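Colleague: So that we are looking at the same thing, I have put the structure below in C-alpha cells.
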Amino acid sequence: MAFTLTLKPEVEQRLRELAEAEHRSMHKTVEVAIEAYLDRQERDEWTRQAARRVRERNAEFYEMLGDR
C-alpha cells in the first residue's frame, strides 16, 4: 500500500537522523517503527485479556481481600 506521510519538520529531521544512523532508508525506518507499534499493541491487548481472565477467575478472592 502506498500513501503520503506528512510529518512536522522536526519529526522529519529526527527520522532522517535515525535512518542515517541505522544505515537504512527513511521508508524502511518508518516501516520498522510501524511494525514495532503493531506488535506492541498486540502484546498489550494479550496482556489486557490475560489480566481480565485472572480478575474474573479470582474475583471472589479479591473480594475477600477487600473485606479485611
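Read-outs throughout are calculated quantities, based only on the coordinates presented, and are distinct from any laboratory measurement. All of these numbers come straight from a predicted model, not from anything done at the bench. Backbone-built Cβ (ideal geometry, glycine too); neighbour counts: all protein chains shown.
Colleague: Can you order the peptides 49-62, 19-32, 1-14 by their average number of other Cβ atoms within 10 Å per residue, highest first?
Modeller: Order by mean packing, descending: 19-32, 49-62, 1-14.
Colleague: When the helix-only estimate is applied to the chain (DSSP H runs of n ≥ 4, each -39,500 (n - 2.57), divided by the residue count), what is the mean residue ellipticity at 222 nm, nearest 500 deg cm²/dmol?
Modeller: About -26500 deg cm²/dmol.
Colleague: Given (i) 21; (ii) 31; (iii) 55 as candidate values of percent of Cα pairs over 20 Å apart, which corresponds to the one derived from the coordinates?
Modeller: Structure-derived value, by its label: (iii).
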